[in-house]
Each structure stands twice: as C-alpha cells, then as structure tokens.
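Colleague: Sharing a structure here in structure tokens format.
Quick note: the coordinates plus some simple rules give every number you see, no bench work behind them. Owing to the predicted nature of the structure, the values given are computational and were not obtained by experimental measurement. Here the Cβ positions follow ideal geometry from the backbone for every residue, glycine too, while neighbour counts run over all protein chains shown.
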Amino acid sequence: MTSAERRKLAGDLRSVVLRMSRRIRFSGEGLLPPHQATVLVKLDKDVLTPRQLAEIECVSAPSMTRTVAALVDQGLVRREPDPDDGRQVRLHLTRDGRERLAEIRRSRDEWVRNRLGALTDDECAVVREAVDILERVVTAR
C-alpha cells in the first residue's frame, strides 16, 4: 500500500469510526443524554472528583458541575466528602446509576446487533477480524 493510500485509509477509518461512535452514543434515546452517560461510564471504573471528570472530558468545571448535579438529582451519582481534603467531593455511582448504565449499554449493544443483523455471515466474519485488528491498533504503543 502506498503512502497516499495509507493516508486516505487513515482518514476514511477516522471518519467512519467517529460516525459510528456518535450513532451508538445517541442510540439510547430517552435513557440519558450522552454527556451524562459518559460520566456514568467513567465513574463505573473509578471514584473521581468533579474536577478530574472535567479534565478527562475536556469540559469546563462549571459545565461538569451542572452535569454532576443533574446525575445526583436523578439518584444516579452520590457525592461523598474526600477523606483527605474536606474541600473536595468524590463521586460514586449509586445502585440506580449502575442499573441505568447497564440499560444504556444494552441499548447500545442492541443498536449494533441490529446493524450486524443486516450483514451476511461472511461479512460478520470480516467485521470480527476487523475488530481484532482495530483492538491491536488501539493498544499499540
């Protein structure tokens, strides 16, 4: 493959991955806005402060404060004082938050399954191979 062909492939791949990601993120209509769902995903992995979340998501602290407040109001996230720094709060998923996140993941998986259902077995095999290759691309250093 020539250098120009690789550049085109890189652009095409970036474009389709971004479009697919956006479609998946918005597939769980009515469950939770994507920016709130993303916070649940992050808190499922770790206990974080609002400032850490803002940095991870590349949003302003006031914007993240509003997002967190909405999640707290819905009972999906709870605030706890930081035991090492009383000025900070740590954010945790509640049981309802974990359940909502599981629902969102099921909805998103269903969106992908529906799209895969339109493919032939041979095409699904190619997608399986592509997933394995893309996993290597993502984890390469």
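Colleague: When segment 22-39 is examined, which residues are found to be in contact (Cβ under 8 Å) with a residue 12 or more places away in the chain and either in a helix (DSSP H, G or I) or within 9 Å of the chain's Cα centre (by Cα) (or both)?
Modeller: R23, I24, R25, H35, Q36, A37, T38, V39, listed by residue number.
Colleague: If you don't mind, there's one more thing I want to ask. From E57, E123, E129, which residue is under 16 Å from the mean Cα position of the chain (by Cα) and closer than 22 Å to L18 by Cβ?
Modeller: Going through E57, E123, E129 in turn, just one is under 16 Å from the mean Cα position of the chain (by Cα) and closer than 22 Å to L18 by Cβ: E57.
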